[in-house]
């Protein structure tokens, strides 16, 4: 997060870290030369930068190491969405179905019933459904 459009002495920068569990935390904040160093380190490490002078000003009031307050969640969520889009990240938790030793998925009786009740059609050769080709 930076206010890079200003002259270097008044430049401000704030760095955030989000672990995916708790609210994002302020990991660095500075004005002038410190801001320039924060931005240089971020660029050096490929950290995406976003310019939002109003948000930088609000975040700069929060002590380093502290979580962002609830009133800034939406603004910071927009920044995180921007970063996720740039990086191709899907932040939603992924569901994993354990596989047995042969690599096939396990589903319990409830899942099997749901599968049987779905609108799927068995197209395997054992189902006896004849395939229609355009040449027939």
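Each reported figure results from applying straightforward, stated rules to the coordinates on display, with no laboratory input. What you see is a predicted model, and the numbers here were worked out from it, not measured in a lab. Note: ideal-geometry Cβ built from the backbone for every residue, glycine included; neighbour counts use all protein chains shown.
For the stretch 43-53, name all the residues that are without any contact (Cβ under 8 Å) to a residue 40 or more places away in the chain and touching a strand residue (DSSP E or B) at 6+ places or on another chain (Cβ under 9 Å).
Hit for the stretch 43-53 is 47, nothing else.
Could you list, in sequence order, all residues of the stretch 33-64 that are over 20 Å from residue 77 (Cβ atoms), exposed (fewer than 15 other Cβ atoms within 10 Å of the Cβ) and over 22 Å from the mean Cα position of the chain (by Cα)?
The initial filter retains those residues of the stretch 33-64 that are over 20 Å from residue 77 (Cβ atoms), namely 33-41, 43-46, 63-64.
Checking which are exposed (fewer than 15 other Cβ atoms within 10 Å of the Cβ) leaves us with 33-34, 37, 40-41, 43-46, 63-64.
Answer for the stretch 33-64, where residues must be over 20 Å from residue 77 (Cβ atoms), exposed (fewer than 15 other Cβ atoms within 10 Å of the Cβ) and over 22 Å from the mean Cα position of the chain (by Cα): 33, 34, 37, 40, 63, 64.
Give me the pairs, please: first residue somewhere in the stretch 14-27 and touching a residue at least 60 places away in the same chain (Cβ under 8 Å), second residue anywhere and buried (at least 18 other Cβ atoms within 10 Å of the Cβ) and assigned to a loop (DSSP other than H, G, I, E, B), beta-carbon distance under 6 Å, and either six or more positions apart or on two chains.
16/24; 18/24
Of everything in the stretch 65-75, what is surrounded by 13 or more Cβ atoms within 10 Å (Cβ to Cβ) and more than 19 Å from the chain's Cα centre (by Cα)? Give them in sequence order.
Result: 69, single match.
Filter the stretch 54-94 for residues that are touching a residue at least 24 places away in the same chain (Cβ under 8 Å) and outside any helix (DSSP H, G or I) and give the result.
60, 62, 63, 64, 65, 66, 67, 68, 91
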